[in-house]
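The values are calculated or read from the model by the stated rules, or taken from the named source; none is laboratory data. Just so it is clear, the structure is predicted and the values come from calculations on it, not from any experiment. Neighbour counts are summed over all protein chains in view; Cβ atoms, including those assigned to glycine, are modelled from backbone coordinates with ideal geometry.
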Amino acid sequence: MTVVGFMGLGTMASAIIDGLKTAAPDIQRLGYDPYSDNAHVEHVSIDDLCRRSDCVVLGMKPKDITAALASLPDAHPPLISMAAGIPLNQYPIAVPVCRVMPNLAVRIHAGVSALCFNEASDSTFKAFACRLFEPLGLTVTVSDEDHMHTITALSGSGPAFFYRIIQAFANAGVQAGLSESVALDLVTQTALGSAKLVQNHEAVSMATLDAMVHAVCSPGGTTAAGIQTFDTETMAHQLQTVIQAAIDRSKALGAPS
Ligand SMILES: NC(=O)c1ccc[n+]([C@@H]2O[C@H](COP(=O)([O-])OP(=O)(O)OC[C@H]3O[C@@H](n4cnc5c(N)ncnc54)[C@H](OP(=O)(O)O)[C@@H]3O)[C@@H](O)[C@H]2O)c1
C-alpha cells in the first residue's frame, strides 16, 4: 500500500488530501501539523511520518520550509514540496525531491499540478510523484525549473485572478439589475463553457482564440461593442501586470535573505 505523509495541513495540503480521498482512496494518508485537526489523515509524530511514509509532502508556507527541513530526522523518505518560489537547491541534495505547484481545484480533480525534480530523483520516484497528482487534474512535468515562477503565477495563483474576473463581471450584471445569484450563475457557467470550448477547440474546428472570439462577434453586434473595450492596450497590459507581480513575488520568495 502507498503511504503519503503530509507535513503541514493547511489550505493547499487539505485540498490535495480531499482530492486523493475520493480519487485514490487506497493511498494511506498520514499527517503532522500541531495546529491542524484535519480529520482525513492519521495524525502522527514527525519521526513516525518519516518512518512510515513512502514520501513526505511539505505543505507549509515558504517562510517555514527551512525550519521544517531542520526538524526532519536524518533518514527521511523522498520529499514533495509545494512551497512557492523555493528552488530545489534549498532542499537536501542526496534524497529525491519534487517541487510541485498545484492549485486549489485539485480538491475536485480539476486542478493543475506542475512538477519538477532534483538530480537525485530517479525514474521510479518521478513516476510515483506524477501518479500521485494525475488523478487530481492536469499534470505537467517541467524540466527548466525557472519556469516554475511563471507557472506559480498562471496556475498556482491563477484561481484567485479568475475569481476576481468572475466577480467583476457578476458585479456588472448586478449593477444592471440582475440578482447576485443569477449574475454569478450566468458568469460562472459562461467561464466554464468557454474554457471547455478552448480545451475542445479542434472538435469545434477553431484553431485559435482569435477565431473563437470572431465566432461570437457579428459586425455591429453586442459582442463587437464589448470587445472593442476589452481589446484596448490597457486591459491586456493590466492582466500582464497581474501575472508579472506574482512572478516577481515567486522569485523574491526563493532569493537568499
Ligand atoms: N493556497 C493555495 O492556493 C496554494 C497554491 C499553490 C501552492 N501553495 C503553496 O502551498 C504552501 C502552503 O500554503 P497554504 O495556503 O496551504 O498555507 P496554510 O494554509 O498557512 O498552511 C500551512 C500549514 O503548515 C503548518 N506548518 C508550518 N510549519 C510547519 C511545520 N514545521 N510542520 C508542520 N506544519 C507546519 C502551518 O501551521 P501554522 O498556521 O501554525 O503556521 C499551517 O497549518 C505554500 O508554500 C504555498 O506557496 C498554495
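Kindly provide the set of residues from the stretch 87-111 that are surrounded by 22 or more Cβ atoms within 10 Å (Cβ to Cβ), within 13 Å of the ligand (Cβ to nearest atom) and over 16 Å from residue 158 (Cα atoms), ordered by number.
99
Out of 172, 176, 191, 195, I need the residue that is within 27 Å of the chain's Cα centre (by Cα) and either free of Cβ contacts under 8 Å to residues at least 24 places away in the same chain or farther than 18 Å from residue 105 by Cα (or both). Which one?
That would be 195, the only listed residue that is within 27 Å of the chain's Cα centre (by Cα) and either free of Cβ contacts under 8 Å to residues at least 24 places away in the same chain or farther than 18 Å from residue 105 by Cα (or both).
Hey, could you check the stretch 31-53 for residues that are assigned to a strand (DSSP E or B) and within 12 Å of the ligand (Cβ to nearest atom) and say which is surrounded by the fewest Cβ atoms within 10 Å (Cβ to Cβ)?
Of everything passing the filter in the stretch 31-53, 43 is surrounded by the fewest Cβ atoms within 10 Å (Cβ to Cβ).
Out of the stretch 1-30, which residues are under 25 Å from residue 73 (Cβ atoms) and either more than 16 Å from the ligand (Cβ to nearest atom) or basic (Lys, Arg) (or both)?
Residues satisfying the conditions are 1, 2, 3, 27, 28, 29.
Is there a residue being away from the ligand (no atom under 13 Å from the Cβ) and either buried (at least 16 other Cβ atoms within 10 Å of the Cβ) or not assigned by TED's automatic domain parsing to the domain that holds residue 132 (or both) anywhere in the stretch 54-64?
yes
Residue by residue through the stretch 132-171, note down the ones that are away from the ligand (no atom under 14 Å from the Cβ), out of contact with any Ser or Thr (no Cβ under 9 Å at 6 or more places or on another chain), outside the structural domain of residue 55 (by TED's automatic domain parsing) and among the hydrophobic types (A, V, I, L, M, F, W, C).
Of everything in the stretch 132-171, those that are away from the ligand (no atom under 14 Å from the Cβ), out of contact with any Ser or Thr (no Cβ under 9 Å at 6 or more places or on another chain), outside the structural domain of residue 55 (by TED's automatic domain parsing) and among the hydrophobic types (A, V, I, L, M, F, W, C) turn out to be 165, 168.
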